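Novice: A single structure is presented below for examination.
Only the coordinates and a few stated rules stand behind these numbers; no lab work does. These figures come from a predicted structure and were not determined experimentally. Here the Cβ is made from the backbone with ideal geometry for all residues, glycine too, and neighbour counts use every protein chain on show.
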Amino acid sequence: MEYLEKALEIGGKSEQRVLMEIINYYLNFLEFSFHHISDDAYLGDISEDQEAVLKIENLSTEMIDVESKKYVNESANYYKNLLNDWIAFKSEGKKGFLKWCSDNGKEYGWSSSYYYKS
């Protein structure tokens, strides 16, 4: 990350590939935090994830490609909304995040979980 950030600092907007690599790093970071959220298992740290979303939003302002920028902004909004909904859900002290989302009109693309026994 240090080298990517240095390349972006030196090259600025001309380093679109570097910019996208940094953004993808933060998107993957968020994906890990939430990949078991449908099982009521948030694996991240709220303040770190809020910071990651903010970094993505700030970096997206440097993007030139309109379609890529749209994708990045939609992804950042998805994780921001998901994090805010998780915070609201936890503040109510309930169980069953999927049901809570359904009851509150929140729609997310949940993936299926598969558990294997040996």
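Novice: Once the piece of chain linking Ser14 and Lys106 is laid out straight, how much longer is it, given 0.36 nm per residue of separation minus the C-alpha distance between them?
Specialist: 29.3 nm
Novice: Note down the relative contact order for the chain as a percent, whole number, built from C-alpha pairs under 8 angstrom at least six residues apart.
Specialist: 22
Novice: With angles folded into 0 to 90 degrees, how steeply does helix 66-91 sit against the dominant principal axis of the chain? Use alpha carbons for both and round to 10.
Specialist: 30
Novice: If we count other beta carbons within 10 Å of each Cβ, what is the order of Ser33, Ser102, Ser38, Ser47, fewest first?
Specialist: Fewest-to-most Cβ neighbours within 10 Å comes out as Ser47, Ser102, Ser38, Ser33.
Novice: While we're here: Expected output is a single nm value to one decimal: the length gained when fully extending between Ser91 and Tyr78, i.e. 0.36 nm times separation in residues minus the C-alpha distance. What is it?
Specialist: 2.7 nm
Novice: Work out the length of the dipole vector of region 2-103 about its Cα centre, built from +1 on the beta-carbon of each Lys and Arg and -1 on the beta-carbon of each Asp and Glu, and round it to the nearest 20 debye.
Specialist: Roughly 240 debye for region 2-103.
Novice: Using modelled backbone amide H atoms (1.01 Å from N, in-plane), which distant-in-sequence or interchain residues come within less than 5 Å of His36's amide H?
Specialist: Leu43
Novice: When each pair of different Cα atoms in the chain is counted once in the 1/r mean, what is the Kirkwood radius in angstroms, to one decimal?
Specialist: For the chain, the Kirkwood estimate is 15.7 Å.
Novice: Which whole-Hz ³J(HN,Hα) couplings does region 18-23 yield from phi under the Karplus relation 6.51 cos²θ - 1.76 cosθ + 1.60, θ = phi - 60°, glycine and proline marked x?
Specialist: Calculated HN-Hα couplings, in order: 5, 4, 5, 5, 5, 4 Hz.
Novice: Note the count of lysine pairs whose C-alpha atoms are less than 16 angstrom apart in region 2-103, limited to pairs 8 or more residues apart or on different chains.
Specialist: For region 2-103, qualifying lysine pairs total 9.
Novice: Name the residue farthest towards the positive end of the dipole of region 2-103 from the options Tyr26, Leu83, Gly11, assuming +1 on Cβ of Lys and Arg, -1 on Cβ of Asp and Glu, about the Cα centre.
Specialist: Ranked along the dipole, the leading option is Leu83.
Novice: Shifting gears a bit: Divide by every residue of the chain the summed helix terms, -39500 (n - 2.57) for each DSSP H run of at least 4, and state the resulting mean residue ellipticity at 222 nm, rounded to the nearest 500 deg cm²/dmol.
Specialist: -21500 deg cm²/dmol
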